[in-house]
Structure formats: C-alpha cells, structure tokens
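Notes for the one structure printed next.
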Amino acid sequence: MSETPLIDARGLVKRFGDFTAVDHLDVQVQPGEAFGFLGPNGAGKTSTMRMIACVSQRDGGALSVLGMDPATEGSAIRARLGVVPQDDTLDLELTVRDNVLIYGRYFGLSRAETRRRADELLEFVQLTDRRDDRVDALSGGMRRRLTIARSLVNQPELVLLDEPTTGLDPQARHLVWERLYRLKRSGATLVLTTHYMDEAEQLCDRLVIMDGGRIVAEGSPRALIDRHSTRDVVELRFADEHAQHAALARLEQVGERREVLPDRVLVYTADGDADVERLTSDGPHPESLLVRRSTLEDVFLTLTGRSLEE
Amino acid sequence: MSAPLALRVVEHEAQVFKRFWRGTLFGYVLNPLLYLAALGFGLGSLITENQGEVAGLPYVEFVAPGLMAAAAMQAAAADSLWPVMAGMKWIRWYHGMVATPLRPRDVYTGSVAWTAMRAGLGATVFLVVAALLGAIPSAWGVLAIPSAALTAAGFAAMLAAYAATQEVDLRFPLIMRLGILPLFLVSGTFFPIDQLPGWLQVCAWASPLWHGVELCRASTTGMLEAVDLAHLAFLVGFLWVGWLWGIRSFDARLTA
C-alpha cells in the first residue's frame with residue numbers, strides 16, 4: 001500500500017437535489033488491482049463511477065484520479081482512462097471497425113496507429129469477422145465486447161466498467177469475464193460495478209459493498225465471506241408453513257444463525273454436513289435440503305437486506 | 001499542440017456522412033431545381049408580366065438568394081434538433097465522446113461547425129444550380145456561400161443549445177412550424193420586407209434569416225454595401241449568443 005493510489009476518494013459526496021446519491025465515500029484503488037463496487041440498484045455505484053470518470057462533478061469531499069483532480073484536469077485524466085458505461089454509447093450508424101477507429105481519433109491518435117490498434121483489439125474481443133458490419137446488426141454481447149475494445153484504444157492505465165455484463169446471456173457473460181481476466185493479468189487496473197455476486201468473486205481482488213450511498217463492508221471476496229457469513233449454508237424447504245414452523249425449535253439448536261424466509265429456512269453454520277447429519281437423525285423432515293458454501297451473495301443480502309429498494 | 005478538440009467531432013460527423021452523402025447531395029440538387037422552377041420561373045413570370053422587376057431585379061434573381069439562405073436555415077434547424085436528441089438520449093454517442101479528452105463544449109462546437117459546413121455544401125450546390133439557370137448575375141455570388149453557412153451556424157448553435165435542454169422531442173415540430181416556417185415566409189425571402197405592415201417589418205429586422213437573406217442577395221447581385229457589414233455583425237452576434245448558451249446547456253446535460 002506504499003504506492004500512490006490511482007483513485008483516492010475522501011469524503012466524496014454527490015447530490016441530486018435533496019437526494020444524496022453518494023454519502024461521504026472513502027475509497028482507494030492501487031495500481032494493478034481489480035476493484036469492485038457492489039450494491040443494489042440506487043446504492044450510488046454509477047454516480048461514483050461517473051465522478052471517477054470525470055463526467056460528473058462532485059458536490060463535496062476530495063477526489064484524485066491518476067494523481068489529478070477531476071474538477072480541473074478532467075480532459076487530461078480522461079485521456080488515460082478506459083470507460084465502459086452501463087448503457088452502450090456506440091455509434092449505430094458506423095461499422096464495428098469504424099467505431100474503434102473514430103474513438104482512437106478522439107484521443108488524438110494518428111490514423112495509422114489507430115488502425116493497427118483497432119485490428120488488435122477486435123481480435124482481442126473476437127469481433128474480427130464482424131468488423132465491417134454495422135453495430136445495428138450486433139447482439140448485446142457483441143456490443144459489450146465492442147465497447148470494451150473501444151475503451152482500450154488509448155491503452156488506458158485504468159479501466160472503468162459499469163455493470164459490464166448486465167443483460168447478457170451466460171455465454172456472453174463468460175466470454176466478457178474471460179477477456180477482462182486476461183486484461184487484468186496483463187497488468188491493467190480494473191474498477192467495476194456489479195450487482196452480480198459471481199462476477200465480483202470472479203474478477204475482484206478487493207471490493208466494497210455499497211448501500212444507500214455508503215460503504216457497508218470492504219475486503220477481498222473471501223475475507224468478506226469469512227467476516228460476514230459462515231463457511232456453509234444449509235437451505236431447508238418444508239412442505240408447508242406449518243411444518244416449517246414446527247421445525248424451527250429444532251433448528252435453533254444447530255448452526256450459528258438462522259434466517260427464516262417465506263419459502264425456506266437458511267442455517268448459517270461452520271460445518272453444514274455435520275449439522276445435516278444431526279438434524280436428519282432425529283428429524284424435522286424437510287422436503288428438500290441443500291448444503292452449500294457461503295457466497296458473496298449471502299454477505300450481500302445479510303448486509304443490504306432482502307427487501308427491494310426501487 | 002494538436003488541432004482543436006472540436007475538429008475531432010467534425011471528423012466523426014464526416015465519417016457518418018460518408019455513409020449517406022449520395023442521398024443528401026441528390027436533395028441539395030433537387031431543392032433549388034424545384035424551388036427556382038416553381039417560384040423563380042413559374043411565379044416569377046407572372047410577376048414580370050404584371051409588375052416588371054422586384055427591388056430592381058428580375059424576380060428569379062431576387063428570390064434565388066433568399067431561397068438559398070432559407071434552405072441553409074431549414075437544413076440547420078432539422079440537423080440541430082433531432083440529431084442532438086439522438087446523440088444525448090436515443091443513441092447516446094455524445095456520452096461516448098465525453099468519456100474521452102473531448103469536453104461537452106467540444107462536442108457542441110464540433111456539431112455546430114459540421115452543420116454549418118454541410119449547409120455550406122448545400123449552398124454551394126444551390127449556387128451552382130441557380131447560376132446554371134441564370135439566376136446569379138454576379139461573380140460576387142461566391143460570397144453567398146459563407147453568408148448562408150454563417151446563417152446556418154447561428155440557427156444550429158441556437159437550436160442545438162435548446163435541444164440539449166429538452167427531455168423529449170415533443171416541442172421540436174412546434175419549433176419548425178411556429179418558428180422556422182414563419183421566418184421562412186416573412187424574412188425577405190419572397191418579397192422585400194417593406195411590403196409588410198410596419199410592425200411586421202420590425203419583426204423582420206429581428207429575424208436572423210432576414211440578415212442572412214440580405215447578405216446573400218447583396219452577394220449574388222454584386223451590390224455589396226456598407227450596410228451589409230451590419231447584417232454580418234448581426235449574424236455573428238446571433239451565433240455568439242447561441243454558442244454561449246450551448247456550451248452551458250451541453251455541459252449541464254452531459255456532466256450531470
């Protein structure tokens with residue numbers, strides 16, 4: 001942690017009218033890190049990303065990106081960033097290749113250099129065979145990959161990805177993850193937002209969980225699971241409410257913590273298999289029973305609650 | 001140092017234009033042919049029979065520069081309302097631009113510059129067609145091209161600035177019908193404004209299109225005078241005010 005952070009936010013605030021979207025946020029991202037902002041919709045992830053990307057002015061606190069102040073040196077910072085926004089901002093009128101080419105020109109690259117990089121990048125995101133098609137004709141996954149290719153044309157030191165795989169089918173998601181993983185291995189610093197737990201576990205070295213504009217937890221995916229959940233989770237489903245209710249007293253005797261949901265009971269425990277053995281020897285008899293490892297999703301739901309905040 | 005950032009936006013627009021320039025060029029040729037045939041020669045022959053000249057000119061020579069300036073205004077208006085909404089909201093390529101070193105003001109300035117350049121191209125085609133039809137008596141007519149482009153730039157600056165403040169395109173047809181069309185009709189395009197009732201004459205003086213028409217007409221007839229500097233100054237002022245508004249409205253919209 002001795003290096004100068006690429007992103008250094010202290011007491012960062014963003015307001016929209018009376019609504020505080022980002023509420024005194026403190027975050028540091030080190031070079032080479034893959035860092036994630038995790039949180040439900042409306043948690044302030046995108047507002048934070050837009051301030052880091054220098055397309056939104058902060059309303060309070062201090063922010064430094066690549067050692068510069070976005071308020072006064074936005075253009076110079078953006079010259080060294082790669083940005084993959086939540087909604088595609090591609091040029092539908094242009095071809096796949098022309099989208100990358102014109103983007104290189106925005107960064108002031110020469111035509112020859114842009115052409116060379118465009119061909120490399122289209123290869124990297126596996127769109128070489130679609131290079132002369134109009135963007136109109138591409139699937140959502142292909143557009144995402146094109147947006148990623150475009151964002152890399154200036155060889156950015158810091159890549160910002162706002163929900164990079166939202167709305168993609170499983171194949172497309174895995175392809176995007178794989179490309180991002182390769183990008184990370186090549187030494188790029190990645191900052192991403194997501195509400196997919198598996199995405200955060202796959203890609204992030206370190207992450208913060210945001211809720212209501214604040215950070216509610218911070219750490220590596222593993223450390224967060226260790227700190228805020230148990231090793232295992234046992235999920236029990238019962239035939240009806242009555243059976244579930246009857247079983248609760250017995251369930252009180254196993255695990256560290258229980259969560260009663262309308263359709264099932266979750267038992268958070270250090271050793272799921274041992275608990276299941278104890279439970280099944282002298283019943284309750286659930287309709288179905290599942291022992292699984294605790295995931296970031298358990299942490300997330302524990303910290304941000306299960307109610308929908310829309 | 002590299003060229004101004006706004007030029008990179010112009011390059012983008014040119015790149016998009018390459019895909020449909022044929023249709024646009026066809027329109028540029030068709031427009032003066034139709035208008036000059038119908039008004040310059042059709043209506044013009046009636047006027048010549050009944051009255052002779054208009055403002056000391058054969059009618060076709062009077063109306064050609066008016067139509068040229070008006071065409072530039074109309075093209076600029078259409079290019080600055082819906083396309084700006086598309087860039088901001090429907091397709092959102094402006095948001096892609098401002099994620100690079102380009103600033104909202106570069107996006108705005110580049111878009112307005114491109115609209116003016118396209119209008120200049122349209123004016124060039126118009127001038128050539130009109131000259132071939134014998135409606136341009138003076139070689140000073142080439143000055144009508146920058147005059148028309150400047151008129152277009154002013155309208156583009158104002159309307160793009162306005163479009164960036166709008167969430168939906170609901171009011172855009174009204175702007176065309178209640179703003180652009182009346183200006184087209186009463187800005188000295190078809191008849192000298194001293195034919196208008198006094199209060200409407202005052203309105204015409206405030207119309208940027210009238211100043212553009214006067215400048216174009218002075219050029220194509222080779223009758224440039226000192227007063228044309230005032231027309232030029234008005235158009236520059238109109239562009240300046242629009243630009244000051246636009247760099248703010250684009251900034252407010254793209255960096256919220």
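Can you tell which of A:102, A:66, A:81 lies farthest toward the positive end of the dipole of the stretch A:7-226, using +1 and -1 charges on the Cβ of basic and acidic side chains (Lys, Arg; Asp, Glu)? Looking along the dipole axis, the top candidate is A:102.
At the residue level, residue B:191 shows approximately 70 square angstrom of accessible surface with a 1.4 angstrom probe and all protein chains present.
How would you classify the stretch A:230-293 from its alpha-carbon gyration tensor, with a ≥ b ≥ c the square roots of the eigenvalues: rounded for a/c under 1.5, else prolate if a/b is greater than b/c, otherwise oblate? Prolate, since a/c reaches 1.5 and a/b exceeds b/c.
When the accessible area of the stretch A:230-293 is split by element with a 1.4 Å probe, what percent falls to carbon and sulfur? Working shown, then result.
Values: 1820 of 3720 Å².
Taking all protein chains in place, the stretch A:230-293 shows 49 percent carbon and sulfur surface.
In chain B, if the dipole is taken from +1 on Lys/Arg beta carbons and -1 on Asp/Glu beta carbons about the Cα centre, which of B:75, B:246, B:192 is farthest to the positive end? About the Cα centre, the residue reaching furthest to the positive side is B:246.
Can you tell me the alpha carbon radius of gyration of chain B divided by the globular rule-of-thumb value 2.2 N^0.38 Å?
Details: Rg = 18.7 Å, N = 256, 2.2 N^0.38 = 18.1 Å.
After normalising by residue count via 2.2 N^0.38 Å, the value is 1.03.
Take each residue of peptide B:90-96, count the partner chain Cβ atoms within 10 Å of its Cβ, and average: the result is 6.
Would you be so kind as to list the residues of the stretch B:1-34 that have their accessible area lowered by at least 30 Å² in the full protein complex compared with their chain by itself (1.4 Å probe)? Checking the loss per residue gives B:8, B:11, B:12, B:15, B:16, B:19.
Comparing the full protein assembly with the isolated chain (1.4 Å probe, heavy atoms, ligands and nucleic acids excluded), the residues of the stretch A:100-119 losing at least 50 square angstrom of accessible area are A:102, A:106.
With a cut-off of 13 Å on the backbone N, no residue of the stretch A:51-82 is near the modelled label site 7 Å out from residue A:181 along Cα-Cβ.
Given a cut-off of 30 Å, what percent of all Cα-Cα pairs of chain A lie beyond it? Please report the intermediate quantities before stating the final value.
Values: 20620 of 47895 pairs.
Of all Cα-Cα distances in chain A, 43 percent exceed 30 Å.
Take the accessible area of B alone and of A alone, subtract that of the pair with a 1.4 Å probe, and the total buried over both chains is about 2300 Å².
With R₀ set to 60 Å, the beta-carbon distance separating residue B:174 from residue A:242 gives a calculated FRET efficiency near 0.40.
Across the protein chains, with a 1.4 Å probe defining accessible surface, the residues A:14, B:18 rank B:18, A:14 from largest area downward.
By the rule of a C-alpha distance below 22 Å, with chain neighbours fewer than 8 residues away ignored, the lysines paired with residue A:45 are A:14, A:184, B:89. Rounded to the nearest 0.05, the FRET efficiency derived from the C-beta distance between residue B:41 and residue B:195 at R0 = 22 Å is 0.55.
Once the 1.4 Å probe is applied to the protein heavy atoms, chain A comes out at 44 Å² accessible per residue.
Which value does Rg/Rh take for the protein assembly as shown over its C-alpha atoms, Rh per Kirkwood?
For the protein assembly as shown, the value is 1.15.
For the set A:285, B:211, the ranking by accessible area, highest first and with no ligand, DNA or RNA atoms included, is A:285, B:211 under a 1.4 Å probe.
For the stretch B:95-165, the Kirkwood hydrodynamic radius comes to 13.6 Å, computed from all pairs of different C-alpha atoms.
The values are calculated or read from the model by the stated rules, or taken from the named source; none is laboratory data. As the structure is a prediction and not an experimental result, all values here were calculated from the model. Cβ atoms come from the backbone with ideal geometry, glycine included; neighbour counts cover every protein chain shown. In case anyone asks, the SASA skips ligands and DNA or RNA and just uses the protein heavy atoms, side chains included. Shrake-Rupley method; radii C 1.70, N 1.55, O 1.52, S 1.80 Å.
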